[in-house]
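Beneath this line is the structure, given in structure tokens, with notes to follow.
No value in this document is a laboratory result; all are computed from the given coordinates. Owing to the predicted nature of the structure, the values given are computational and were not obtained by experimental measurement. Cβ coordinates were reconstructed from backbone atoms using ideal geometry, including for glycine residues, and neighbour counts include every protein chain displayed.
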Amino acid sequence: MFKQFLNSTRCLLQTVGLAGAVFFTVGALAQADGVRPEFMDSTQQWLDKAVAGNLPSGSSPLRMEITVGELDSRLRLAPCARVEPYLPPGTRLWGKTRLGLRCLEGSVKWNVFLPVTIKAYGQAWVVKGQVSAGAALTQDDVMEAEVDWAEQREAIISNPDQWLGQVANRALTSGQALRQGMIRPAEVFRAGAQIRVQVQGAGFEITSDGQALSAGVVGQPARVKMNNGHVMSGEVLDSRTVRLEI
């Protein structure tokens with residue numbers, strides 16, 4: 001019955017040059033009735049493949065969960081024979097994001113955005129109690145637990161060597177996963193400290209005394225004033241030593 005009505009309606013509208021409106025309205029009826037658009041299945045497959053190929057390199061195994069939201073209920077999309085998913089510029093398949101959908105073959109070309117949530121569950125280091133700002137982290141301050149890596153944009157710190165002995169940038173509370181930006185390397189000496197300077201060159205190495213002109217962090221450069229008054233920059237080796245290469 002509905003098919004006969006639709007055919008007669010299409011013939012009537014074609015007579016007045018409005019055939020395109022029939023397809024637009026039929027598409028709108030399908031959405032209004034809560035029918036899942038056919039292109040959503042292929043969109044889900046595209047997402048699964050894209051997320052699998054976009055996992056952080058060198059990370060521990062992650063259990064991915066992909067939740068596809070709903071299109072705006074106010075949208076009335078014309079039927080489309082081929083819908084292409086794409087990632088809008090400046091977005092990534094991580095956390096709460098969005099996916100673009102554009103009609104490539106249809107009576108009306110349209111472009112919409114679909115809300116998507118990507119969760120990535122894996123092991124991480126989580127704060128056990130309270131850590132004050134400026135305090136150095138120890139093994140007793142953290143424990144391993146499963147968290148959603150994609151809950152925040154900052155990357156998870158998964159290697160213990162990257163946080164052990166580091167200093168909290170701000171107060172940390174129980175349950176927080178350690179992420180980049182939360183900690184910084186600890187200073188091993190302050191500006192003005194008397195230090196030992198190892199000077200290395202082609203075929204020689206000498207040791208001298210000097211004065212630090214900047215705070216020292218292991219593995220980072222520091223400025224040093226030599227006994228002869230020259231100011232040089234070298235790599236901090238430990239709490240007393242800076243290495244200069246000439």
Could you state the number of Å between the C-alpha centres of segment 57-113 and segment 159-218? 45
Two-decimal log10 I(q)/I(0) for segment 74-123, as the Debye equation yields it once each C-alpha is a single scatterer, q = 0.20, 0.29 Å⁻¹: -0.72, -1.06
Computed lengthening from THR173 to TYR86, 0.36 nm per intervening residue step minus Cα-Cα distance: 27.5 nm
FRET efficiency for LEU71 and ASP161 from the Cβ-Cβ distance with R0 = 45 Å, rounded to 0.05, comes out at 0.50
Over segment 60-165, what is the mean sequence separation of C-alpha contacts under 8 Å (at least six apart), divided by residue count, expressed as relative contact order in percent? 26
Kirkwood hydrodynamic radius for segment 187-245: how many Å is it when counted over pairs of different Cα atoms? 10.9
How large is the Rg to Rh ratio of segment 121-184 when both quantities use alpha carbon positions and Rh follows Kirkwood? 0.91
